[in-house]
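The values are calculated or read from the model by the stated rules, or taken from the named source; none is laboratory data. No experiment lies behind these values; they were computed from the predicted model shown. Don't worry about glycine lacking a Cβ; one is built from the backbone with ideal geometry, like all the others, and counts go over all protein chains shown. Areas reflect the complete protein model, heavy atoms only, side chains present, ligands, DNA and RNA absent. Shrake-Rupley method; radii C 1.70, N 1.55, O 1.52, S 1.80 Å.
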Amino acid sequence: ERVNPISVFLKGMKVLMTTMSLDIGGAETHIVELARELKRRGVEVSVASNGGVYVPELESAGIRHVKAPLHSKKPSNVLKAYSILKRDIEKNQYDIVHSHARIPAFISGLLSKRLGFRFVSSCHGVYDITALWKMTANWGEHCLAVSCDTKDYLIKNYGIAPENITITINGIDSARFARDENVRTELC
């Protein structure tokens with residue numbers, strides 16, 4: 001059997017993914033599928049969010065969920081989420097924290113500066129930008145963009161260097177949602 005060098009690199013790593021919530025949506029489905037695949041490849045994965053319908057699925061796959069109010073920019077929720085994530089990151093000593101939305105990225109970015117862990121993010125779309133969002137945005141050491149348009153948005157609006165952005169596949173496991181269970185789609 002051919003050995004995938006990425007799987008060898010990832011095996012034994014500890015990764016925390018942070019997102020606003022785990023309700024139905026494209027980014028949420030992406031996070032669940034990514035978490036499951038990382039776990040399959042030997043990564044110890046946890047996901048922090050405000051919760052949602054996908055939490056039981058993650059937990060049944062052996063992926064730990066950390067409940068934190070990452071869905072709201074209300075100052076009391078930001079402070080509470082910061083405190084919860086800080087305790088969890090200090091306790092679990094993650095190798096990488098991977099954020100999937102602006103509020104979780106803001107909080108994870110602050111914690112990365114304080115605690116010194118590796119921090120990356122995924123940008124799942126283009127959003128309205130205010131001066132405050134631009135000033136507080138933190139996309140991490142590296143950013144994954146779900147399209148060329150999203151990459152251009154990050155470069156134009158946040159000044160991220162193109163070499164610090166990787167375009168990733170934004171999709172779902174079509175077999176999971178197909179009516180015919182015999183339908184399978186393979187990538188690569």
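Skip the ligands, DNA and RNA, and give the accessible area per residue of the stretch 1-145 with a 1.4 Å probe, whole Å².
Values: 7430 Å² over 145 residues.
Heavy-atom accessible area per residue stands at 51 Å².
Sorting check: for 78-88, 53-63, which peptide has the highest mean count of neighbouring beta carbons within 10 Å, and how do the rest follow?
Ranking, from highest mean packing down: 78-88, 53-63.
Sum up the charges of everything whose Cβ sits under 12 Å from the Cβ of residue 139, counting Lys and Arg as +1 and Asp and Glu as -1, but leave residue 139 out.
Working: positive: 102, 134, 151; negative: 141.
Surrounding charge for residue 139 is +2.
Sorted by mean Cβ packing within 10 Å, highest first, what order do the peptides 65-72, 33-40 take?
Final packing ranking: 65-72, 33-40.
For residue 113, list the lysines whose Cα falls under 21 Å from its own Cα; do not include residues on the same chain fewer than 8 positions away.
Filter leaves 14, 73, 80, 86, 91, 134.
Where does the charge balance sit around residue 20 when Lys and Arg score +1, Asp and Glu -1, over other residues with C-beta under 12 Å from its C-beta?
My count for the surroundings of residue 20 gives 0.
Would you kindly state how much longer the chain becomes between residue 59 and residue 14 on full extension, computed as 0.36 nm times their sequence separation minus their alpha carbon distance, in nm to one decimal?
Using 0.36 nm per residue and subtracting the Cα-Cα distance, I get 14.6 nm.
Please list, in chain and number order, the residues 5+ apart from residue 147 or on another chain whose amide H is under 5 Å from its amide H, with Hs placed from the backbone.
Here the answer is 168, since their amide H atoms fall under 5 Å of that of residue 147.
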